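Colleague: Just dropping this structure here.
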Amino acid sequence: MVMVQRQRKTTPAKPRLTADDWADAALTAIGEGGLAAVAVEPLAVRLGTTKGSFYWHFANRDALIEAALDRWAQLHTEGMISHVEAEPDVRKRIRLLFAEAITAAASGSLEVTLLATAEHPRVAAALRKVTERRLAYVAELFAGLGFPEAEARRRGLLAYSVYLGHTQLGHAVPSVVPAGEELGAYLDEGLDLLMMR
């Protein structure tokens, strides 16, 4: 009698989720529904895993929110700065920074949602840290154009305020903000005014 061995079907193992995977999912949830949308079970379903994976990386929901806010700062501030720093010309770097930032903000509601929940202590701390970093960087760019330090800071604050206003308008009343080629002309005109000596 010949014994036939059956081959067992194996399913490929799912890659292990990282803390960053959970933080990214939490950021997506925040963008969609605010801090209230950060709940372990729905995020586990979204990630195709169990709550055990969450508890492997985080002690609790607050730790996940903290990690998500740190991830936001890393991706949307430090990542953006690293990206635009590759441009050697300061004027072009300023244009690239604002074009990229406005485009990124238009593709999701995360920034607007975080601004709307600024009273939450963790969000307030993250917004303060990110805003201070962004303002310092933009002021550094204006200083690179030859503006004295105090004026560079003022122009940086004005430029950042325009970005925030544009972002809020883009989400509240998208029909009033320019898009496509018109957006490029709008940015050029506004930034030319800010860079004018």
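The values are calculated or read from the model by the stated rules, or taken from the named source; none is laboratory data. Computed from a prediction, not measured in an experiment: that's the story for all the values here. Counting neighbours? That spans all protein chains shown, and the Cβs are built from the backbone with ideal geometry, glycine included. Heads up: the accessible areas ignore ligands, DNA and RNA and are worked out on the full protein's heavy atoms, side chains in. Shrake-Rupley method; radii C 1.70, N 1.55, O 1.52, S 1.80 Å.
Colleague: Output the 0 to 90 degree angle, nearest 10, between the alpha-carbon long axis of helix 121-144 and the longest principal axis computed from the alpha carbons of the chain.
Modeller: 50 degrees
Colleague: Another question about this same structure. Using only Cα atoms, tell me the angle between helix 180-195 and the longest principal axis of the chain; keep it within 0 to 90° and round to the nearest 10.
Modeller: 50 degrees
Colleague: Now for a separate question. Ranked highest first by the average count of other Cβ atoms within 10 Å around their residues, in what order do 56-62, 170-176 fall?
Modeller: Averaged packing, sorted descending, gives the order 56-62, 170-176.
Colleague: Moving on to the next point. How large is the dipole of the chain about the Cα centre if only Lys and Arg carry +1 and Asp and Glu carry -1, each at its Cβ, rounded to the nearest 20 debye?
Modeller: I would put it at about 920 debye.
Colleague: Leaving ligands, DNA and RNA out of it, rank Lys92, Lys51 by accessible area with a 1.4 Å probe, largest first.
Modeller: Values: Lys92 125, Lys51 90 Å².
In descending accessible area the options line up as Lys92, Lys51.
Colleague: Count charges around His171 for me, please; just the other residues with Cβ under 14 Å from its Cβ, Lys/Arg as +1, Asp/Glu as -1.
Modeller: With Lys, Arg at +1 and Asp, Glu at -1, the net is -2.
Colleague: Let me ask another. Anyone know which of Thr167, Thr49, Thr77 comes out most mobile in the 10 Å Cα GNM of the chain?
Modeller: Thr49
Colleague: What's the whole-number percent of alpha carbon pairs in region 87-197 lying beyond 25 angstrom?
Modeller: Above the 25 Å cut-off, region 87-197 has 24 percent of its Cα pairs.
Colleague: Tell me the carbon and sulfur percent of the accessible area for region 56-174, rounded to whole percent, probe radius 1.4 Å.
Modeller: Working: 3590 of 6110 Å².
Ligands and nucleic acids excluded, carbon and sulfur reach 59 percent.
Colleague: I'd like to check one number: the per residue accessible area of the chain, probe 1.4 Å, reported in Å² as a whole number.
Modeller: 61 Å²
Colleague: Then there's this: Mind computing the radius of gyration and Dmax over the alpha-carbon atoms of region 53-135? Å is fine for both.
Modeller: Spelled out, the Cα radius of gyration and Dmax of region 53-135 are 14.8, 47 Å.
Colleague: Can you compute 3J(HN,Hα) from phi for each residue in region 103-113, using the Karplus curve 6.51 cos²θ - 1.76 cosθ + 1.60 with θ = phi - 60°, rounded to whole Hz and x for Gly and Pro?
Modeller: 5, 5, 5, 6, 7, x, 10, 4, 4, 5, 5
Colleague: Just going by the charge dipole of the chain, with Lys and Arg at +1 and Asp and Glu at -1 on Cβ, which of Ala126, Ala36, Leu115 is farthest out on the positive end?
Modeller: Ala36
Colleague: Helix 61-73 against the longest principal axis of the chain: what's the angle in degrees, Cα atoms only, rounded to the nearest 10?
Modeller: 50 degrees
Colleague: At 222 nm, what value in deg cm²/dmol follows for the chain if DSSP H runs of at least 4 each add -39500 (n - 2.57) and the sum is divided by all its residues, to the nearest 500? Present the calculation step by step, with values, prior to reporting the outcome.
Modeller: Working: 10 runs with 138 residues, N = 197.
The helix contribution divided over the chain gives -22500 deg cm²/dmol.
Colleague: In addition: Under a GNM of the chain (C-alpha, springs under 10 Å), which listed residue has the highest mean-square fluctuation: Leu164, Leu135, Leu75?
Modeller: Checking each option, the largest mean-square fluctuation is seen for Leu75.
Colleague: In Å and whole numbers, how far do the C-alpha atoms of the chain stretch along each principal axis, longest first?
Modeller: Result, largest extent first: 93, 41, 34 Å.
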